Each structure stands twice: as structure tokens, then as C-alpha cells.
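The values are calculated or read from the model by the stated rules, or taken from the named source; none is laboratory data. None of the values given here were measured: they were computed from a predicted structure. For neighbour counting, all protein chains shown are included, and Cβ atoms are generated from backbone atoms with ideal geometry for every residue, glycine included. Remember, those area values only see protein heavy atoms, side chains included, never the ligands or the DNA or RNA. Shrake-Rupley method; radii C 1.70, N 1.55, O 1.52, S 1.80 Å.
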Amino acid sequence: MASTTPAPDARLIAALRAARDVMVLTGAGISAESGLPTFRDALTGYWATFRPEDLATPEAFERNPATVWAWYAERRLKARSALPNPGHLALVTLERWLSVRDRRFTLVTQNVDGLHVTAGQANVIELHGSLQKVKCFRCAEPAPTWDETGKPPRCAHCGGPLRPDVVWFGEMLPVAALNAARAAAERCDVCLSIGTSGMVEPAASLPRIAAQRGATTLTLNLDVTDRATPPRFEVRARAGAFLPALVDAVCGIGAA
Ligand code: OAD
């Protein structure tokens, strides 16, 4: 883990202050400081212990619905008791600072924990769904309520098993969410990519789309990112430490 937090680059601060349209893409790393595991971090990430094909595919659910349901039920419980951390809160401040100046802000998240919404973020696109929503595996009807039992409850409409309303490997992302995210990437003039390994498409392409359209880009995480398309700014630091410093520099006293 990075030990010291670098000071935000003055050119990045200037780009954010001047931006008409900001897009932020987040991944599991932004919630790590809220106590929620990431996926690919060595030792602590979910995929260091479990295989995605056993827990995060439709085939896994068909083979072993009780195991998959139980894993998501545990994550749902954990997410419900987690609190937004200073990284989430800094992004809320940034959104408010921009919106009172009639500038646009879009937060696109791969996270299913709901912490951006809990933090008070207004314009959030949940690309991979939400742990707090459930739908029928067979007819896709959403279930407003369900019993937290050991095995998947049944759908009130067709009797099929209920499943978490998250995107599994091999499934399509919600079309409206993906289109809105792509539009934000195409039109933004600053794109911040935070706490994501950039290993999962189509989310991973969004900062690249923004960069190709001329946006200033920042990648913030704890390890080295994709060198094929380097971001303009790359910071290795904890989101909960770096983002408050960055947002304070952009929006603090003295900012226009
Ligand atoms: P990953 O686990 O792949 O990546 C987490 C990233 O966060 C890594 O680059 C870490 O260095 C970084 N990180 C960890 N702690 C951090 C901290 N305190 N501050 C800043 N960065 C930190 O998670 P995602 O990129 O979100 O998909 O994974 C993408 C998708 O793969 C997930 O949405 C999930 C998963 O399989 C589905 O379930 C469909």
C-alpha cells in the first residue's frame, strides 16, 4: 500500500477548476477504506480466494443457487452496514461545487454496494447493478421485498428463483446505463478513474474513450495501471486520502 499521499498536481487542479463536464469512473478500490473487499487485490480481493465462475455467472447460479445466493446475501449485509469514506464524500463535494456553477458531473460506478448514493452523490450510474436489488432468474421481474433465507426465495410472479440484480460475467450491462456512461465519457473534459484495475470491459474503455476525445485523465489506485494508453496523470495513493486533498484544492477557500 502507498505510504505517503502525493500532493495533487497543479495542472490537474486547474483542469478540474476549468472543466465544464466531469466524469468519474469508480471501482472496488474506492470502497476498500469502508471495509469492503476489492476483487483483484492480492490476498484481500474476492478473486484471490474464490473463482468468479463459481459465484458470478448465470451458470454458477444454475449449478448451485444456494451457494451463490448466500455469498451475495453476505455481501449485501456487509454493504448495508458499511459507511461512505472520505473518498466518497470528496466526490459529493466536487459534484456540488460543479453543479452550483452549472457544470456537469457524472459518476459511473462498477460497484454494487450503493455507497456513492448513501454518501449523497446525485448523478450516479450503477453499471453493474446493485446488491440491494433482487430480480427473478427466470422472468427478470424485480422483487420489491424478499425473505433473507439460506436459499433463493421464489418469485411472486412465476415461482422462479430470485437472484441479485447485479451483472454477472457473460451478461449484458443495463443498456440505458451503458449508453449514458458512454455519452458522459465522450463529452467530458476531465475523467477521473478511481480504485479500478481496468480489467473488466466495457467499463475499462470509458477513460480511454474520454482520453481519445481530448479529456484530461487521472488514474488513481494502488498499483500500476494499463501502460498501453497511459493516463495523463497517474497517482498511486489511497482514494480516501488523495481525493479529499484534490477536492479541497479545487473547491476550497480561494477557488473561483
Ligand atoms: P479490482 O479489484 O479489479 O481493482 C481494485 C483497484 O482498486 C486496484 O487497482 C487497486 O489497486 C485499487 N485500490 C485498492 N484499494 C484502494 C484504495 N484504498 N484507494 C484507491 N485504490 C485502491 O476491482 P474493480 O476494478 O472494481 O464485476 O473490478 C471490476 C469488476 O470486476 C467488478 O465490478 C466486478 C469484478 O469482477 C462484476 O462483478 C461484474
request  = Compare Y72, Y46 by solvent-accessible area with a 1.4 Å probe and give them largest first, with all protein chains kept in place.
outcome  = Y46, Y72
key: Under 5 Å, built H, 5+ apart or other chain: amide partners of S193   = L25, L218, T219, L220
task = Go ahead and set up a Gaussian network model of the chain, Cα springs under 10 Å, then flag whichever of T109, T38, T118 fluctuates most.
result = T118
inquiry  = Between V200 and N64, what is 0.36 nm times their sequence separation minus the Cα-Cα distance? Round to one decimal in nm.
reply    = 46.5 nm
key: Å³ per residue enclosed by the Cα convex hull of the stretch 70-135   = 79
inquiry  = Using protein chains only and a probe of 1.4 angstrom, how many square angstrom of K78 are accessible, to the nearest 10?
reply    = 90
remark   = Residues whose modelled amide H sits under 5 Å from the amide H of G129, counting only those 5 or more places away in sequence or on another chain, are V167
task = Step through the residues of the stretch 214-224 one at a time and calculate ³J(HN,Hα) from phi using the Karplus curve (6.51 cos²θ - 1.76 cosθ + 1.60, θ = phi - 60°), rounding each to whole Hz and writing x for Gly and Pro.
result = x, 6, 6, 10, 10, 10, 10, 7, 9, 10, 6
Protection-proxy order for peptides 141-154, 195-208, 237-250, 4-17, each taking the mean of Cβ atoms within 10 Å per residue, highest first = 237-250, 195-208, 4-17, 141-154
ask   = Considering amide H positions built from the backbone, and no H for Pro or chain starts, which residues 5 or more places from N123, or on another chain, come under 5 Å of its amide H?
value = L107
ask   = Scattering from the C-alpha atoms of the chain alone, worked out with Debye: what is log10 I(q)/I(0) at q = 0.10, 0.13, 0.15, 0.17 1/Å?
value = -0.50, -0.82, -1.06, -1.30
task = Note down the magnitude of the dipole of the chain about its Cα centre, charges +1 on Lys and Arg C-beta and -1 on Asp and Glu C-beta and zero elsewhere, to the nearest 20 debye.
result = 360
ask   = How far, in nm, would the chain grow between C158 and A42 when pulled straight, counting 0.36 nm per residue and subtracting the alpha carbon separation?
value = 37.6 nm
query = Whole-Hz Karplus ³J(HN,Hα) for the stretch 19-33, in order, using 6.51 cos²θ - 1.76 cosθ + 1.60 and θ = phi - 60°, x for Gly and Pro?
reply = 5, 8, 8, 10, 10, 10, 10, 10, x, 4, x, 6, 9, 4, 6
message = Applying a 10 Å radius around every beta-carbon, put 97-104, 21-28, 121-128 in order of their mean neighbour count, most first.
response = 21-28, 121-128, 97-104
key: Per residue value of the accessible surface for the chain (all protein chains in place, 1.4 Å probe), Å²   = 48
task = Just check the stretch 1-86 against the gyration tensor rule for me: Cα atoms, a ≥ b ≥ c as the square roots of the eigenvalues, rounded for a/c under 1.5, and otherwise prolate or oblate depending on whether a/b exceeds b/c.
result = prolate
ask   = Using θ = phi - 60° and the Karplus curve 6.51 cos²θ - 1.76 cosθ + 1.60, what whole-Hz ³J(HN,Hα) does each residue of the stretch 163-180 get, with Gly and Pro shown as x?
value = 9, x, 8, 10, 8, 9, 4, x, 9, 6, 6, x, 4, 5, 5, 5, 4, 5
query = What does the charge add up to near G114, with Lys and Arg as +1, Asp and Glu as -1, over the other residues with Cβ less than 14 Å from its Cβ?
reply = +2
Accessible surface of F169 - all protein chains present, 1.4 Å probe, nearest 10 Å² = 90
inquiry  = Taking the Cα of K133, stepping 7 Å toward and past its beta carbon, and measuring to each backbone N in the stretch 102-121: which are under 14 Å?
reply    = 109-115, 117
